[in-house]
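Heads up: the structure comes next, in structure tokens.
The values are calculated or read from the model by the stated rules, or taken from the named source; none is laboratory data. Please read these numbers as outputs of a predicted model, since none were measured by experiment. Backbone-built Cβ (ideal geometry, glycine too); neighbour counts: all protein chains shown. Only protein heavy atoms, including side chains, enter the accessible area calculation; ligands, DNA and RNA are left aside. Shrake-Rupley method; radii C 1.70, N 1.55, O 1.52, S 1.80 Å.
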Amino acid sequence: MEHLGLMSIKAYAEAQGLEIASVNGLVAGHGSVEETWAAMQNAVRSTGTPRLIGFSSIDTFPEVLWLAQRARQTWDGVQIALGNAIATLNFERVLREHDCFDFIVVGDGEVAFTQLAMAIANDAAVENIPGIARRNEQGRVVYRPAPLIDLDDLPRPARDELPTVLADGFAASVFSTRGCPYRCTFCGTGAMSGMFGRDSYRARSVDSVVDEIEYLVSDFDVNFVLISDDLFVSKHPSSQQRAADFADGILARGIDINFMLDIRLDSVVDLDLYKHLHKAGLRRVFIGLETGSYDQLRAYRKQILNRGQDAAETINALQRVGIQVIPGTIMFHPTVQPEELRETARLLRATKYTNAFKFIGRILPYPGTQLYQEYADAGYLTDEWPLGKWDFVDPEAARVYHDVANLIGPNPEVTFDEAEAFFLSRLDDWENAIAGRVAEMAS
């Protein structure tokens with residue numbers, strides 16, 4: 001998909017008169033970090049030696065670090081900045097431990113990166129730029145917070161990447177909100193929003209979003225749009241109304257488009273709203289179900305269910321409207337037990353999303369999140385940077401995971417039914433082992 005964050009920064013910077021060359025290894029189909037490095041060098045051949053390079057990283061920090069080190073060695077005097085989630089949540093650590101980065105863009109990137117680039121291009125001071133963390137002359141990390149951006153003040157993202165994305169058979173993207181009002185323990189977006197206060201979850205006006213979709217239909221002939229918000233609609237009445245207004249806008253203009261949204265399970269307050277959205281073109285929703293365990297959901301601070309409520313009922317209700325449900329699930333975590341895995345597998349079956357790789361999903365303790373700190377405090381982490389790695393508390397859980405992963409991982413043609421049958425059989429073995437241990441203790 002398009003990297004709307006980078007493309008939004010590029011559009012804003014170019015509106016201020018800066019020349020920006022961008023490289024996206026994912027969109028370009030690079031099979032190695034060396035290919036991305038070659039693309040960066042090609043870009044420099046046509047634009048000249050760069051004064052400033054900005055990297056974006058969520059879970060590709062080792063690759064980005066490799067590229068930044070090559071850039072430092074290759075171009076004398078180049079300044080290097082890093083942004084996005086891992087940088088924002090860990091800006092002090094990144095600057096302390098990795099001297100190839102000169103600056104961290106903390107939070108919104110459009111204004112801060114542009115002001116930084118302007119200062120460097122004009123050999124001006126960078127000390128007072130809001131939203132930029134850096135090392136001062138004494139080597140101490142300093143940071144001046146920036147005000148939150150009004151999303152309606154931004155130009156539309158540049159669409160340099162869209163023709164390639166469409167040619168490869170993927171969808172155009174639009175963002176309509178930024179941040180998240182919830183604080184699930186595992187989520188980098190929620191952790192970032194928590195850094196900037198309760199107003200950090202922001203929404204564009206419905207008219208501006210509908211305008212952009214209309215532009216994509218007319219200028220790029222798109223027929224499907226992914227609305228890439230971490231959360232398009234919540235259970236809050238104002239959010240529900242905004243979603244209804246969005247559907248009204250699409251229908252009133254007669255825009256022929258299908259689209260996909262991210263929601264929470266508890267966003268489905270009134271099924272009539274989703275019938276209205278479906279009429280406007282909603283065909284898929286991504287829902288972070290995470291787990292079939294009510295207690296584990298509470299441990300994640302993701303309170304999307306009341307005790308005794310069955311998530312499958314909501315899933316099936318959306319399906320009856322004609323909306324496909326794409327599930328987000330966290331199958332394995334350090335203390336997982338077989339009964340939780342059974343319930344999560346049942347929810348997967350209810351969604352009719354038959355991707356066998358769902359059975360080997362592991363939670364990622366992302367540095368800077370509450371979950372990461374909890375795992376560090378509990379001693380679960382076997383490696384803590386740049387991404388947390390952990391091991392199972394129960395060796396039997398580890399055996400189940402590795403058996404299932406060894407079936408599915410090297411065999412992309414394994415069917416969902418085959419994977420599910422093997423997965424459940426291994427849970428049977430695990431439960432028998434538990435029963436055997438209990439019987440042995442009793443005797």
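Annotations
- Average accessible area per residue (Å²) across the stretch 4-144 - probe 1.4 Å, nucleic acids and ligands excluded: 47 Å²
- Straight-distance candidates among the lysines for linking to Lys389, with alpha-carbon spacing under 20 Å and chain neighbours fewer than 8 residues away dropped: Lys358.
- Selection of trypsin sites (Lys or Arg not before Pro), the stretch 291-326, meeting DSSP coil and at most 15 other Cβ within 10 Å: Arg301, Arg307
- Counting only protein chain heavy atoms and rolling a 1.4 Å probe, the accessible areas of Arg264, Arg437, Arg183 rank, largest first, as Arg437, Arg183, Arg264.
- The stretch 171-329 - percent of accessible surface contributed by carbon and sulfur, probe 1.4 Å: 45 percent
- Two-decimal log10 I(q)/I(0) for the chain, as the Debye equation yields it once each C-alpha is a single scatterer, q = 0.06 Å⁻¹: -0.29
- Unpaired Cys in the chain, meaning no second Cys C-beta under 4.7 Å: Cys100, Cys180.
- Computed log₁₀ I(q)/I(0) - Debye formula, equal Cα scatterers, no solvent, the stretch 94-230, q 0.14, 0.18, 0.19 Å⁻¹: -0.85, -1.13, -1.17
- Acute angle (nearest 10 degrees) that the helix 338-351 long axis makes with the longest principal axis of the chain, alpha-carbon atoms: 70 degrees
- Excluding the site residues themselves, the longest part of the chain lacking any GluC sites (Glu not before Pro) in a DSSP loop with at most 13 other Cβ atoms within 10 Å is 138-412.
- Of the residues Lys275, Lys352, the one with the largest accessible area comes first in the ranking Lys352, Lys275, computed with a 1.4 Å probe on protein heavy atoms.
- Solvent-accessible area per residue, Å², over the stretch 171-329 with all protein chains present [probe radius 1.4 Å]: 42 Å²
- Evaluated over the Cα positions of the stretch 261-342, the convex hull gives a direction-averaged projected area, one quarter of its surface, of 5.4 nm².
- Once you reduce the stretch 171-193 and the stretch 51-80 to the center of their Cα atoms, the two points are 25 Å from each other.
- Within the chain, percent of DSSP bridges classed antiparallel, to nearest 5: 30 percent
- Rounded Å value of the spacing that divides the Cα centres of the stretch 344-391 and the stretch 91-168: 30 Å
- Here the convex hull built on the C-alpha positions of the stretch 171-329 has a volume of 109 cubic angstrom per residue.
- In the stretch 4-144, the C-alpha radius of gyration followed by the widest Cα-Cα span (Dmax) gives 14.2, 42 angstrom.
- Rounded to the nearest 500, the helix-only mean residue ellipticity at 222 nm of the chain stands at -14000 deg cm²/dmol, with each DSSP H run of n ≥ 4 adding -39,500 (n - 2.57).
- Each Cα pair under 8 Å and six or more residues apart adds its sequence gap; the mean of these over the residue count of the chain is a relative contact order of 11 percent.
- Accessible area per residue for the stretch 332-443 is 51 Å², calculated with a 1.4 Å probe on protein heavy atoms, without ligands, DNA or RNA.
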